[in-house]
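Okay, so here's the structure we're looking at.
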Amino acid sequence: MTTLVRGARQLLTLRGDSGPRRGAALRDLGIVPNGAVLIKDGVIVDAGPARRIEKLPAARRAREIDAAGCVVMPGFVDSHTHLIFGRPRLVDYEMRLAGATYTEIAAAGGGILSSVEAVRRMSAAQLETQARAALAAMARHGTTTVEAKSGYALDEAGELKTLRLLAKLNGDPLDIVPTYLGAHLAPPEYRGKPDAYIDWTTAEMMPQIRRRKLARFVDVYCDEGAFTLEQSRRYLDHARSLGFGLKIHAEQFARTGAARLAVELGAASADHLEQAGDEDTRALAQSNTIATLLPGSVFHLGLRTYAPARALIEAGAAVALATDFNPGTSPTYSMQMVLSLACTEMRMSPAEAISAATINGAHALRCADRIGSLERGKQADLLLLTVADYRELPYYFGTNNVHMTIKTPCPKQS
Ligand code: NIG
Ligand code: FE
């Protein structure tokens, strides 16, 4: 089947070279005024000026989608979420609004371990209902590919239940990139024994997950009260030796050295970075590790310290943006809201934010050869927006500016 998307007031192609976008390239959206996109069997045949695309022989017989007056852009690549968590943490939320800190809430029986208890207890079918509702909301808000972490069960049965559910949900309708977050926290049965937990997860869980092809990435929460730099290094080293890509929750509440560890190990991304300093910024800028910023979590926690996006961009780091969708720190489905926060709170320009939420998100998932821009040969995942100028996307905050999400199924992954 051939489809012609025509009449786009601004077509944001995000075309460019094959590496992650930094500096001036991050600001270049490859805008085509009055653009069109020709799609055949879910693959982009060509994207560019309407007068050229509409003359292509295949365009004449194509089914047409009218994008008159719209911005047309690639679907969002949400490269950091904790998709499967069972239920929202509303008691935590109210406690925090009354003044309790993230650590105090955890100490009072809330926090990550309360989600662990819920996910262990819930059936796969119950978790599926929660996850499907979240995926449908993400699709409505323009996300077409989503990374999803396990890490809310932390035992064998629960982690496998989560990862198998991700495999089942993949492609219906969104593409899901699965990540094993075994080292989220030491679970109750390993309380006070984080090293023994790391031993278990590396020896027992990782090989099994690799063999069953249930995750493409492995992630660790390196922070005060979670795992130390040395524990994180040991865990990630092992993951790397098994062939997993690496991700790290780095410098979120305390500065630990995790961002530099990510660079040293060649991680695909270092995520959060609220507490990152100059050395971290420089190390990231000189690497291919994507600096993934998650301003939704800072906003929801009511904190003031956002990641140093300007310093990272000016040093030359490749910055991505993601929701960090999770029940404790960032309950949002909306990449659009993340863009608004990135611009207002972190002083990113609208163009930088859009590149960070599409092509650089794709780099953070190592699938930029297939998604993240509207270029010949790429998967036809695109958005028709209700706005006529791309700057309106972050400007109209807290609303859904997506008129239509076009999602092409991709071949089953991992
Ligand atoms: O990315 N900090 C670690 N993980 C999550 C929060 C998880 C939770 O509170 O349930 C994050 O912010
Ligand atoms: Fe996270």
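None of the figures in this text is laboratory data; all of them are computed from the coordinates on show. Because the structure is a prediction, the values reported are computed rather than measured. When we count neighbours, we look across all protein chains shown, and the Cβ atoms used for this are built from the backbone with ideal geometry, even at glycine.
Observations, loosely collected:
- Sparse-neighbour loop sites [trypsin sites (Lys or Arg not before Pro); the range 177-226; at most 15 other C-beta within 10 Å; DSSP]: R191, R212, K213
- Entries in K55/K378; K40/K213; K40/K161; K40/K149 that, when Cα-Cα distance is taken, lie over 28 Å: K40/K213; K40/K161; K40/K149
- Cβ-Cβ FRET estimate between D199 and D369, R0 fixed at 51 Å, reported to 0.05: 0.90
- For the chain, diffusion coefficient by Stokes-Einstein and Kirkwood Rh (Cα), 25 °C, 0.890 mPa s, µm²/s: 115
- Alpha-carbon centroid distance for the pair the range 1-70 / the range 285-314, whole angstrom: 30
- Reduced Cα scattering model of the range 121-163, Debye log10 I(q)/I(0), q = 0.31 Å⁻¹: -1.10
- Phi angles of the range 66-78 translate, via the Karplus equation with coefficients 6.51, -1.76, 1.60 and θ = phi - 60°, into HN-Hα couplings of 7, 10, 3, x, 8, 7, 10, 8, x, x, 6, 10, 8 Hz per residue; Gly and Pro are given as x.
- With all pairs of different C-alpha atoms in the average, the Kirkwood value for the hydrodynamic radius of the range 264-414 is 16.0 Å.
- Phi to ³J(HN,Hα) by Karplus 6.51 cos²θ - 1.76 cosθ + 1.60 over the range 108-124, Hz, x for Gly, Pro: 8, x, x, x, 4, 5, 6, 5, 4, 4, 5, 5, 4, 6, 7, 7, 4
- Put simply, when 289-302, 272-285, 128-141 are sorted by average Cβ atoms within 10 angstrom per residue, most first, you get 289-302, 272-285, 128-141.
- When the alpha carbon coordinates of the range 1-112 are projected onto the principal axes, the ranges are 66, 34, 26 Å, largest first.
- Antiparallel DSSP beta bridges within the chain, as percent of all bridges there, nearest 5: 40
- Phi to ³J(HN,Hα) by Karplus 6.51 cos²θ - 1.76 cosθ + 1.60 over the range 395-407, Hz, x for Gly, Pro: 5, 7, 8, x, 10, 9, 8, 8, 8, 8, 10, 9, 10
- Taking amide H as placed 1.01 Å from N in the peptide plane, the amide H of M348 sits under 5 Å from that of C343, each at least 5 places away or on another chain.
- Across the alpha-carbon set of the range 338-385, the Rg to Rh ratio works out to 1.03, Rh being the Kirkwood radius.
- Burial ranking of peptide ranges 107-114, 252-259 (average Cβ count within 10 Å, highest at the top): 252-259, 107-114
- Stokes-Einstein diffusion coefficient of the range 70-141, Kirkwood radius over Cα pairs, 20 °C, 1.002 mPa s, in µm²/s: 149
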